[in-house]
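Derivation of every value follows stated rules applied to the coordinates shown; laboratory data play no part. Just so you know, these numbers come straight off a predicted model, no measurement behind them. A quick note on method: Cβ atoms are made from the backbone with ideal geometry, for glycine too, and the neighbour counts reach across all protein chains shown.
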2 protein chains.
Amino acid sequence: MAKTAVKNKVRRKDRILDTAEALFARMGFVGVSMRMVAEGAQVDLALASYHFGNKRGLFDAVLARRSDIINEKRLEALRDCISSAGAAGPELEAIVDAFIQPLLGVGLEKDAGWRHYMELIALVNSSHELGGQAMTQFFDPLVNEFIQALKKALPGAAEEDIYWSHHFFSGALTLTLAQTGRLDNLSSGKVKSNDLEAAYRRMVPFVTAGFKALCKPEKG
Amino acid sequence: MAKTAVKNKVRRKDRILDTAEALFARMGFVGVSMRMVAEGAQVDLALASYHFGNKRGLFDAVLARRSDIINEKRLEALRDCISSAGAAGPELEAIVDAFIQPLLGVGLEKDAGWRHYMELIALVNSSHELGGQAMTQFFDPLVNEFIQALKKALPGAAEEDIYWSHHFFSGALTLTLAQTGRLDNLSSGKVKSNDLEAAYRRMVPFVTAGFKALCKPEKG
DNA sequence: GTCTATACCGTGATAGAC
DNA sequence: GTCTATCACGGTATAGAC
C-alpha cells in the first residue's frame, strides 16, 4: 500500500540519521564514511547522498534534528520559570536549572540516540573548526534568550562577566555530555561519568555560585 | 659536519611534530593524513613512519611532548603554593590558580605551536573515543596531585563532590583552550574567545565559588 | 526511492635503494 | 636517516537501470 511505502521511506531516512548520529558522535565528521553509514543503516550507499545531498548535508541534518527538539524544551522550561516568578524575574538558580534540566535531568542518556547526540555536541562545541560555526547556528538563538534572563537576574553585572560565566557553564555542560569515562578512571570508579543525574544535581549549585561570584554589580 | 647532521635530523623530527600538532588540532586524528603532515613539514612521506612507527605513534608523541612541559609547570606552581602556605595547606583559590595559570596566564596563546596544542587538548578531552584514554594517560597523574590538595582545602567534603567539581572545572578550562570564536559571535564581539588572560582572571573566582558551594562538609 | 556499478582519487604502510 | 616506488584498500560521488 501507499501507506507502507511512505512509512518505509521515512524509516530508511531516519535509520540513516540514527546511524550517522552514532558514528559521527564516536568518530567525528571525517572519521565516518558514507559506506559505514549505509552499512549500519542497512541501506544502499547511494541513498544517503540522495536524501541529504552530500556528507556535510547529512551531518547538518543530524545536528538539526535533535537541536530543534531540545531547544524547544529548554525554552519552555525558561518560559515556565519566568512566568511563575514575580515581576523581578526568576532566581538565577532557576535559570541555570532550566538550561540543563531538559538535557541532564530527564534520563535521556538511557536512549542510545540521545546519548550519541550528546557525545556529538560535546565534540562539536570543543572543535576549533566547528564550534564557532555549528554551535552558533544551532544553539545560540536559544542561548540568547537565556542571556537576557541572566542579565535580569544579575542586575548591575558587567556584560563581559555574564558571557564568560555562561562560557564556563557551557564547558562544564558539554564535557559532561561527552561521558568519556575519564572521571571513572580518575576517581578509581567512585564517580561514574555517565551518571548524568548526579552531574545535574551538582552542576546547578556549582554554576549558580560561579555566576554570583563573578557577576557582581560593577563598581562606580 | 656531524653537528649539522644531528641538528638537521632533530629539526626534521620537530618539524613533523609541529606540523602534525597544527593539523591534528584543526582536523582531529582521522582528519589528518600522513601525506599532509609530510607535505607541511617539507619532509618525505616515509619519514614520519620511520620516526614514530605509525600515525597513532605520531599522535601520542604530539600529545606527550607538551603535556610533559605543562604538567611540570603546574606541579611546580602547586608545590610553590603549598610550601608558602602554613600547615593548614593552601587556600582553595591558590590551588585553582596553580592549575590554570601556567596555561592561561603566561601568554602561551601568542605562540602558534602552543595555540594548536591547546586546541588539540580541547578536542581530545571532549572526545568520547579519546577523552577517557589519552587524557587519563597524559594528564591525570598530575590531576591526582591537585585532587589531594583540594581534599585538604575542603575538609569534610564528600569525595564525589570534589571529583565532580573538578570535572566542571576541567570542562570550563578545555572549552576555553579551544578558542572557537563562538563567544565572539554570541556576544556580538564584546567578548573575544582568544583573550585567555580575560578568561583566566574570571575563571579563578568562578570555579573557586563553585567548589565552595558544592563541596561543603558532609552532614552527620 | 532504491539499487547496481563504477569512476577516480587519497589512504597508511612498507620494501628496498642510497 | 632519507627517499622512491608501490601495494591493496577504502574514500566520495554519481550515472543510469528499475
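Think of it as helices only: each DSSP H run of n ≥ 4 in chain B is worth -39500 (n - 2.57), and spread over all residues that comes to -25000 deg cm²/dmol at 222 nm. Put a plus charge on the Cβ of each Lys and Arg, a minus charge on the Cβ of each Asp and Glu, and nothing anywhere else: the dipole of chain B about its Cα centre is then about 660 debye.
Here's how it looks for residue A:157: its modeled amide H is under 5 Å from those of A:218, which are all 5 or more places away or on a different chain. Each copy carries a label point for residue A:14 at 7 Å from Cα along the beta-carbon vector; from one copy to the others these points are 5.7 nm apart, nearest first.
Volume per residue for the protein assembly as shown equals 186 cubic angstrom (convex hull of Cα atoms). The fewest-to-most ranking of A:92, B:58 by surrounding Cβ atoms within 10 Å reads A:92, B:58. For the residue pairs A:190/B:73; A:152/A:216; B:152/B:212; A:151/A:212; B:13/B:55; B:151/B:212, the C-alpha atoms sit more than 18 angstrom apart in A:190/B:73.
Considering the dipole of the protein assembly as shown built from charges on the beta carbon (Lys and Arg +1, Asp and Glu -1) around the Cα centre, which of A:168, B:47, A:121 is farthest to its positive end? Checking the options against the dipole of the protein assembly as shown, the answer is B:47.
Inter-copy label distances for residue A:50: 5.0 nm (label point placed 7 Å from Cα along Cα→Cβ; shortest first). Average projection, convex hull of the Cα set of region A:65-215: 9.2 square nanometres. GNM remark for chain A: springs join alpha carbons under 10 Å apart, and the peak mean-square fluctuation among A:46, A:20, A:112 falls on A:46.
Between residue A:110 and residue A:85, the modelled label-to-label distance comes to 3.1 nm, taking each label 7 Å out from Cα in the direction of the beta carbon.
Copy-to-copy label distances for residue B:189, where each label lies 7 Å from Cα along Cα-to-Cβ, are 5.5 nm in order of increasing length.
Computed from the C-beta positions of residue B:36 and residue A:218, the FRET efficiency with R₀ = 56 Å rounds to 0.70. On the basis of the beta-carbon distance and an R0 of 51 Å, residue B:73 and residue A:72 show a calculated FRET efficiency of 0.65.
Using only alpha-carbon positions in region A:96-177, the gyration tensor eigenvalues give semi-axes of 24, 16, 10 Å once each is multiplied by 5 and square-rooted (largest first). Summary of the geometry: region B:39-53 and region B:131-178, compared by the centres of their Cα atoms, lie 36 Å apart.
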